[in-house]
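Novice: I have a structure I would like to understand better, so I am pasting it below and will then ask my questions one at a time.
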Amino acid sequence: MALADTRYSNRRRALSARLAGQRIDMMLVTNLIHVQYLSGFSGSNAALMLSKDLNPQIATDGRYTTQVAEEVPDIEALIERSCATALLSRLEGPRRVGVEADHLSLAQWEGLQKAAGEDVTLVPVRGVVEELRLVKDSQELESLRSVAALASQAFEDLLAAGELAVGRSERDIAADLEYRMRKAGSERTSFDTIVASGVNSAKPHHGAGDRVLREGDLVTVDFGAHVGGFNSDMTRTVVMGKADEFSAEIYEVVKRAQAAGVEASTVGTALADVDRATREIIEEAGYGEYYVHSTGHGVGLEVHEGPAAASGAEGVLREGMTLTIEPGIYVPGRGGVRIEDTLIITPGAPEVITQVSKDLMVL
């Protein structure tokens with residue numbers, strides 16, 4: 001069996017062991033990210049049925065007949081348009097079937113109940129696959145390092161080419177950065193690229209519009225690449241022409257807060273304490289009311305996944321987790337700063353995989 005297949009089968013085995021404690025005979029996986037995580041299949045329509053005896057079945061439609069055979073050679077494939085209901089309808093005898101409660105609409109739930117036989121009991125299950133995904137294996141981590149390096153280099157090339165400049169629009173800068181990532185091998189962006197200039201930089205999720213960059217603007221660039229199913233996420237803020245006192249001050253505060261968050265991100269540290277490490281610095285500087293989001297999140301097959309570093313977060317950091325550290329200050333009508341890195345949690349200091357300078361850049 002190929003190495004990739006062994007990795008996926010090990011994940012399915014780990015999931016089966018977790019479900020056994022809940023007296024669940026089978027698990028119907030309908031979230032496409034989870035189907036990919038457990039089988040390797042990357043199509044846009046699929047469901048996976050996993051039994052406690054480790055005899056899985058996957059369903060997809062006719063568009064993916066060849067692809068499913070190539071990506072999942074070790075699992076029997078059912079070619080049906082309505083994947084989840086097709087798998088359910090094939091069951092015989094009494095069964096307790098777990099379903100992903102967090103990823104089903106009411107209409108989908110009703111459809112599954114209708115498709116299930118009289119002897120089948122559907123059991124809502126929450127968080128079991130997400131829990132498995134929290135800690136990445138060595139191949140996942142290497143993929144994340146690679147895509148982060150690609151995006152980082154694209155941003156540095158953008159700067160070197162002078163494409164982040166006064167007189168250019170946010171939209172044009174975003175397009176140039178995305179083009180560079182594409183040319184380097186990115187299949188798409190991991191999310192809509194943010195280029196927020198001037199007063200727009202006070203909006204954490206501004207986007208990239210028609211505003212033209214001016215002298216003195218703070219410009220926040222938040223971007224990521226997507227390669228082989230994996231994502232990157234990084235933010236840098238620069239100043240155009242000359243940094244005034246306000247811009248220099250809030251930049252330095254955010255930089256110190258971000259460094260504190262990185263330093264706090266060690267094995268065994270409570271996620272709430274990581275958030276607290278960044279927030280205390282910003283609050284002490286008098287900008288607490290302008291820090292309007294949590295400190296960070298995991299990155300992997302999704303650009304926003306567990307764990308979450310937030311004030312109300314539960315749990316602690318474990319080796320092999322990923323985490324962004326992205327504090328910010330956003331002052332309406334004036335501007336804002338965000339600095340973000342993606343980390344891999346290691347036995348020692350965290351590994352920062354988004355390697356671009358965090359010194360204040362004046363362009």
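Novice: Spin-label point model (7 Å from Cα, Cβ direction): what's the ILE79 to ARG63 distance in nm?
Specialist: About 1.5 nm, to one decimal.
Novice: Still on this structure, I have one more. Subtracting the Cα-Cα distance from 0.36 nm times the residue separation, let me have the gained length for VAL362 to THR6 in nm, one decimal. Kindly include the intermediate steps, with their values, before the conclusion.
Specialist: Values: separation 356, 0.36 × 356 = 128.16 nm, distance 4.93 nm.
Using 0.36 nm per residue and subtracting the Cα-Cα distance, I get 123.2 nm.
Novice: Find the accessible area per residue for region 6-133; the probe is 1.4 Å, ligands and nucleic acids are left out, and the unit is Å². Intermediate results must be reported in sequence, preceding the final value.
Specialist: Working: 6190 Å² over 128 residues.
Ligands and nucleic acids excluded, the result is 48 Å² per residue.
Novice: Another question about this same structure. Where only protein heavy atoms count, and the probe is 1.4 Å, what is the accessible area per residue for region 135-362 in Å²?
Specialist: Working: 9010 Å² over 228 residues.
Each residue of region 135-362 exposes 40 Å² on average to a 1.4 Å probe.
Novice: Which whole-number percent gives the relative contact order of region 135-362, counting Cα pairs below 8 Å spaced six or more residues apart?
Specialist: Details: 548 pairs, mean separation 51.8, N = 228.
Here the relative contact order equals 23 percent.
Novice: Can you give me the angle between helix 245-264 and the longest principal axis of the chain, using Cα atoms only, in degrees from 0 to 90, rounded to the nearest 10?
Specialist: The helix 245-264 is inclined about 40 degrees to the chain.
Novice: Moving on. Suppose every K and R has +1 on its Cβ and every D and E has -1 on its Cβ; what is the size of the dipole of the chain about the Cα centre, in Debye to the nearest 20?
Specialist: On the way: 36 positive and 54 negative charges, 114 e Å.
With only Lys, Arg, Asp and Glu charged at Cβ, the dipole is about 540 debye.
Novice: So, with +1 on the Cβ of K and R and -1 on the Cβ of D and E, and no other charges, what is the size of the charge dipole of region 6-133 about its Cα centre, to the nearest 20 debye?
Specialist: Working: 15 positive and 16 negative charges, 67 e Å.
It comes to approximately 320 debye.
Novice: Another question, then. Have a look at LEU144, ALA313, ALA257 and report the one farthest towards the positive end of the charge dipole of region 135-362, computed about the Cα centre with Cβ charges (Lys/Arg +1, Asp/Glu -1).
Specialist: The one lying farthest along the dipole's positive direction is LEU144.
Novice: For the chain, what is the calculated [θ] at 222 nm in deg cm²/dmol (nearest 500), taking -39500 (n - 2.57) for each run of four or more DSSP H residues and dividing by its residue count? Could the numbers behind the result be given before it?
Specialist: Details: 10 runs with 127 residues, N = 363.
Only helices count here, giving -11000 deg cm²/dmol.
Novice: Dividing the alpha-carbon radius of gyration of the chain by 2.2 N^0.38 Å (N being the number of residues), what value is obtained? Write down the numbers at each step before the final one.
Specialist: Working: Rg = 22.8 Å, N = 363, 2.2 N^0.38 = 20.7 Å.
In units of the 2.2 N^0.38 Å rule of thumb, it is 1.10.
Novice: Of all beta bridges DSSP finds with both residues in the chain, what is the antiparallel percent, to the nearest 5?
Specialist: Of all bridge pairs located within the chain, approximately 70 percent are antiparallel.
Novice: Where the accessible area of the chain is counted over protein heavy atoms with a 1.4 Å probe, how much of it, in %, is carbon and sulfur?
Specialist: Values: 7590 of 15700 Å².
That fraction is 48 percent.
The values are calculated or read from the model by the stated rules, or taken from the named source; none is laboratory data. Remember, it's a predicted structure, so these values are computed and weren't measured experimentally. In this analysis, Cβ positions are derived from the backbone assuming ideal geometry, glycine residues included, and neighbour counts consider all displayed protein chains. SASA here: full protein model, heavy atoms, side chains in, ligands and nucleic acids out. Shrake-Rupley method; radii C 1.70, N 1.55, O 1.52, S 1.80 Å.
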